[in-house]
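Undergrad: Structure below; questions to follow.
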Amino acid sequence: MLGFNSLTAAVARSTIGAVSNASSSRTTGLFRALSTTTESLKVKSTTPPPVASQEERIKYFKIYRWDPDHRQKPYLSTYPVDLNDCGPMVLDALIKIKSEQDPTLTFRRSCREGICGSCAMNINGRNTLACLCYIDPKEEDGGKKAAGGDVMKIYPLPHMYVIKDLVPDMGNFYEQYRSIEPWLQTKDGKSEGQAEFLQTREDRAKLDGMYECILCACCSTACPSYWWNADKYLGPAVLMQAYRWIEDSRDEFQDKRLAELDDAFKLYRCHTIMNCTKVCPKHLNPGKAIAHIKKKLAEK
């Protein structure tokens, strides 16, 4: 009996050992699998290769400065800007200068998309919008060298009173615009139940090239006739908007509008110099609109 019990105990021990070994091997395999899976899920940390330092592209901006609160004549301030750390447009550089170098620099801006006309100024001798003017013309015209080399000169719109720095007084310009009554005028108004004034596609197409004007005043302040007669001559922008309403088929006061423009100064100070068409940032043709007004008056 004793021998049988010893044999039974030995068999039990061997069986438990086998089961234990099998369980141990399975557990070891499971840990290996989990370890492998965990390692595969880990994001390997890689140190990025060192970036070669870019050579600075310094552009100098000479900007017109004048503050009415200081008894000082207008002057030019020079600001260096690294183009590697700046947007492509002149407005980007002005914002960078104001935020990082000189918070007293004053200029108008709004949409940054060439829609509002707020940032009109004279850049390197040409009236344009700062938000549409490239700092480096290589990005615009395929490699032509910028006028003025590494220096860009920025002034307010010419021949206008300056409020401060690059901010001109647009009061006279807007008063002239208001004088042409730039809204739809009808004799009888809307009939009962009428929702809107309709026109044909062909009549609507006649307004193309005029309604896009954003009243930035780039054209008017580039016109020598407007320089000398801004108090009497309406200027290219306002005259083009006047013709926009004269040509509108829905407006019923064409004769009245033409009669108000038939003036030696309001209209006929235009001598077709065509600076207006050359500088328009929206690529419109105010000179052509003025010629059409003169033609309609001649035909009356």
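Undergrad: Provide the packing ranking of 153-165, 75-87, i.e. peptides ordered by the mean count of other C-beta atoms within 10 Å per residue, highest first.
TA: The peptides rank, most packed first, as 153-165, 75-87.
Undergrad: Among residues other than K256 whose Cβ falls under 12 Å from its Cβ, what is the net charge (Lys/Arg +1, Asp/Glu -1)?
TA: Computed value for this residue: -4.
Undergrad: To the nearest 0.05, how large is the calculated FRET efficiency for S249 and N124 if R₀ is 35 Å and r is the Cβ-Cβ distance?
TA: Approximately 0.25, to the nearest 0.05.
Undergrad: If you don't mind, there's one more thing I want to ask. Do any trypsin sites (Lys or Arg not before Pro) in segment 165-227 lie in a DSSP loop with no more than 16 other beta carbon atoms within 10 Å, and if so, which?
TA: Passing both the DSSP loop test and the Cβ count: K187, K190, K206.
Undergrad: List the GluC sites (Glu not before Pro) within segment 168-241 that fall in a DSSP loop (any state other than H, G, I, E or B) and whose Cβ has at most 15 other Cβ atoms within 10 Å.
TA: Passing sites in segment 168-241 are E192, E196, E212.
Undergrad: Also, I was wondering about something else. Obtain the nm distance between the two label points defined at E56 and W228 by a simple spin-label model: each point lies 7 Å from its Cα along the Cα-to-C-beta direction.
TA: 4.7
Undergrad: Which length gain, in nm to one decimal place, applies between D136 and K295 when the Cα-Cα distance is subtracted from 0.36 nm times their residue separation?
TA: Gain on extension, D136 to K295, equals 53.1 nm.
Undergrad: Then there's this: For C218, what is the net charge nearby, where nearby means another residue's Cβ is under 14 Å from its Cβ and Lys, Arg count +1, Asp, Glu -1?
TA: After counting each charged neighbour, the total is +3.
Undergrad: Sticking with this one: Quick one: go through segment 192-214 and flag any residue whose amide nitrogen is under 17 Å from the point 7 Å out along the Cα-to-Cβ line of H283.
TA: It comes to 208-214, nothing else.
Undergrad: Now for a separate question. Name the residues of segment 105-137 whose amide N is less than 11 Å from a point 7 angstrom out from the Cα of D67 along the C-beta direction?
TA: The answer is 105-106.
All of the numbers you see were taken from the coordinates with simple rules; none came from a lab. None of the values given here were measured: they were computed from a predicted structure. Reconstructed Cβ throughout: ideal geometry from the backbone, glycine too, with neighbour counts over all protein chains shown.
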